[in-house]
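Since the structure comes first, as structure tokens, the remarks are kept for the end.
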Amino acid sequence: LYPDYSFVSRYNLAEIYYEYLNRPKESLELLEFALTLTGPSRFFPFLYDLLHRTYRYFSNDARAVHYAQKVLSLPSQNHLRRRAYYTLALSHAGKGNKDKALEEISSAGKLSNAPDEKVLTSCIEAIVFFIAGESKIAYEKAKMAINISGLPDEYEKALGIFTMAQSLCDEKAFAEAKALFKEFLLISGKTQKKDIFVNRNIDYAKKILLRR
């Protein structure tokens, strides 16, 4: 009676695993299985969006790029397109092509002027500079990003502070980095968003604080 049910239910559960339960492996298994099923066409941009973000979590750059490009090839909503550009930007940055990465960031930035999305775009830009080995610029970009006002949640601010802390570690400024990692843990404890990347950053910050 409901041929789409298996597809949709798997996607919905995969999203819960990704966004709330910190179970990336199970999320990916469900998403990959959903690809083998027949589902409503309106769901495919969302499926590809979650796939490219999850593959990026597992550092599978080829698959992440593949599904990010599929998001952009469809009539997807702007927030999905923006995240696809982020994945492409981080892929280019990882390959040493900072200029191409910044072009993708620019494309993402044109899709929304909402404060939280502006902050997130600026944080991804800071991460691009961090990957490029330009820690001082990354720090300043992230610092500017978290000062944008009007955020409905502190998810984006937490990412900016985490990037600042990482940049300070790169500069061997461990005392200042430690203070920022502590601030990150406080803020991330308050944020409503607890996706798999937030949880990984929390684990990383705790390990750094124990080590230093």
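The values are calculated or read from the model by the stated rules, or taken from the named source; none is laboratory data. Just so you know, these numbers come straight off a predicted model, no measurement behind them. Positions of Cβ are generated from backbone atoms using ideal geometry, with glycine treated the same way; all protein chains shown enter the neighbour counts. For accessibility, only protein heavy atoms count, side chains too; no ligands or nucleic acids. Shrake-Rupley method; radii C 1.70, N 1.55, O 1.52, S 1.80 Å.
For this structure, a couple of remarks:
- Pairs over the 31 Å Cα-Cα cut-off, from the set K110/K143; K141/K206; K110/K178; K70/K143; K25/K172: K110/K178; K70/K143; K25/K172.
- Efficiency of FRET from Cβ geometry, K194 and Q69, R₀ 25 Å, rounded to 0.05: 0.35
- Its Cα centre serving as origin, the chain has a Cβ charge dipole (Lys and Arg +1, Asp and Glu -1) of approximately 380 debye.
- Angle between the chain longest axis and helix 44-57 axis [Cα atoms, degrees, rounded to 10]: 40
- The range 14-91: relative contact order as a whole-number percent, Cα under 8 Å and 6+ apart: 25
- Think of the chain as having a plus end and a minus end, set by charges on the Cβ of Lys, Arg, Asp and Glu; of L186, Y85, V71, L186 sits farthest toward the positive end of this dipole.
- Viscosity 1.567 mPa s, temperature 4 °C, Stokes-Einstein D of the range 4-150 from Kirkwood C-alpha radius, µm²/s: 82
- Prolate/oblate/rounded label for the range 111-212 (Cα gyration tensor, a/c 1.5): oblate
- Residues in the range 172-199 that a label on K206 would reach, taking backbone N under 18 Å of a point 7 Å out along Cα→Cβ: 178-199
- For the chain, the longest principal axis of the C-alpha atoms and the axis of helix 61-73 are separated by about 60°.
- Across the accessible surface of the chain, with the other protein chains kept in place and a 1.4 Å probe, carbon and sulfur atoms take up 52 percent.
- In this calculation the C-beta distance from F46 to N97 is compared with R0 = 25 Å, giving a FRET efficiency of 0.30.
- Note on the range 69-159: Cα-Cα pairs beyond 16 Å make up 52% of the total pair count.
- Cα centre as origin, Lys/Arg/Asp/Glu Cβ charges: the range 64-176 dipole, Debye: 380
- Pairwise label distance in nanometres, K136 with F33, each label 7 Å out on the Cα-Cβ vector: 5.2
- Förster-model FRET efficiency, 45 Å R0, K143 and N12, C-beta, rounded to 0.05: 0.75
- Length added when fully stretched, D153-Q77, from 0.36 nm per residue minus Cα-Cα: 25.2 nm
- Selected from I208, Q166, F7, residue furthest toward positive end of dipole (the chain; charges at beta carbon): I208
- Charge dipole of the range 73-136 (Cα centre as origin; +1 on each Lys and Arg Cβ, -1 on each Asp and Glu Cβ, all else neutral): 100 debye, rounded to the nearest 20.
- Taking Cα atoms only, the orientation of helix 174-190 departs from the longest principal axis of the chain by about 40 degrees.
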